[in-house]
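One structure is given below, encoded as structure tokens.
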Amino acid sequence: MNTYKIAVIGGDGTGPEVIREGIKVLKVLEQKTGFRCEYHEYDFGGERYLRTGEILPDSAVDELRRHDAIYLGAIGHPDVKPGILEKGILLRLRFELDQYINLRPVKLYPGVWTPIKDKGPEDIDFVVIRENSGDVYTGAGGNIKKGTPHEVAVQEMIYTRFEVDRCLKYAFEYTRKRNKRKTLTLCGKTNVLTYVFDLWERAFHEMGQKDYPDIKREYAHVDATTMWMVKNPEWFDVLVTGNMFGDIITDLGAMVQGGMGVAAGGNINPEGVSMFEPIGGSAPKYTGQNVINPIACIAAGQMMLEHLGETQAAAMLDRALAEFLGSGILPGLSVSDIKKAGMSTSKIGDAIAERIQAMAG
Ligand code: IPM
Ligand code: MN
């Protein structure tokens, strides 16, 4: 039987509550389809930082490296200055574990409301592959004459051919494996960023021509991409882009698919340890109330199963999510919708777990 070591970081706010539901569902799938997970919990986050001053000990990164995957709830604490935990935990893990892909499916499940009029699940089903290590996130830059009227601030967009190539390779392979419209769209800004996106564009066509003749190549500027994601989301199959543009368009993607209540992402190192997370925040004001929506975290668990190669379990969970959301039990995904329906964080987890339990194995 396949056994996986899963590092669990519940994190801040409602993170631990939604992770609990995710694990509840995973445990049912373990029984159902025959694999095993050992869960190792880590208490990194705002509380630990405020208590001990420690964000992420070096030894922790090495420990995490010895797992098959990391399941993360949420990072962000109201009493900690913004940026400290995000940089010290989330970005540090992405960098040190070299999770150079940020994988963000934008899929509208049946029964989920989208702000886009006259579009349904058949129109909204694409994947954004965001490069997750370079770009302005590299951290090169600085300031001069800070605090004076002549202050200079520089933050540079940096890409190496190596970073671009490894991201494109993942994107082409992913598009082929997904096997839907076999179309990969490069999202860039070649009309202004004539160095960085010139590199991306050349690398894109060279690799596509040479190794992926079966994949159709398209290009869109990032500003136009945001327009089309709203106007004609059905045009997209797989999008690949740099780190900063990817950060922006994946929040738009999350809204298009129904909001932070369903949006999940993976920070992938195809050769190493990957980390899966709901992309919404830690919702501190709802902490401990059992009212936050765990769907996005459960969907992150689904991505983790897919990544580990537990395809049957992943497919069952995808079906359970579609059935639950399509059933109309929840009038929407917000806290007030959950309360209105007489549901709760744990009841939603139970409902999905029960659906899986009832499926033919
Ligand atoms: C995301 C987030 C992070 C990012 C922040 C919290 C550092 O917005 O995962 O998209 O910018 O990558
Ligand atoms: Mn973001």
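Bear in mind that the values in this text are calculations on the coordinates, not laboratory data. Everything numeric in this text was worked out from a predicted model, so none of it was measured. Glycine also receives a Cβ, built like all others from the backbone with ideal geometry; neighbour counts cover every protein chain displayed.
Here are the numbers for the structure shown:
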item	result
Distance (nanometres) between label positions extended 7 Å along Cα→Cβ at ARG319 and ASP337	2.4 nm
Spin-label pair GLU122/LYS210, simplified geometry with 7 Å Cα→Cβ offset, distance in nm	4.1 nm
Share, in percent, of DSSP beta bridges within the chain that are antiparallel, nearest 5	40 percent
The chain - Debye-derived log10 I(q)/I(0), Cα point model, q = 0.07, 0.10, 0.13, 0.14 Å⁻¹	-0.30, -0.63, -1.08, -1.25
Percent antiparallel among DSSP beta bridges (both partners in the range 115-256, rounded to 5)	25 percent
Helix-only [θ]222 nm of the chain, DSSP H runs n ≥ 4, -39500 (n - 2.57) each, per residue, nearest 500	-12500 deg cm²/dmol
Extension gain from THR3 to ASP62, taking 0.36 nm per residue of separation minus the Cα-Cα distance	19.2 nm
Two-site FRET efficiency, ASP165 against ASN191, from Cβ-Cβ distance with R₀ of 30 Å, rounded to 0.05	0.85
Dmax and Rg, reported as Rg then Dmax, of the range 115-256 (C-alpha, Å)	16.8, 56
Theoretical gain in end-to-end length, ASP43 to ALA358 [0.36 nm per residue, Cα-Cα removed]	110.0 nm
Modelled FRET efficiency - R0 30 Å, GLU218 with LYS146, Cβ distances, 0.05 increments	0.10
Förster radius 41 Å - calculated FRET efficiency between ARG92 and TRP235 (Cβ-Cβ, nearest 0.05)	0.70
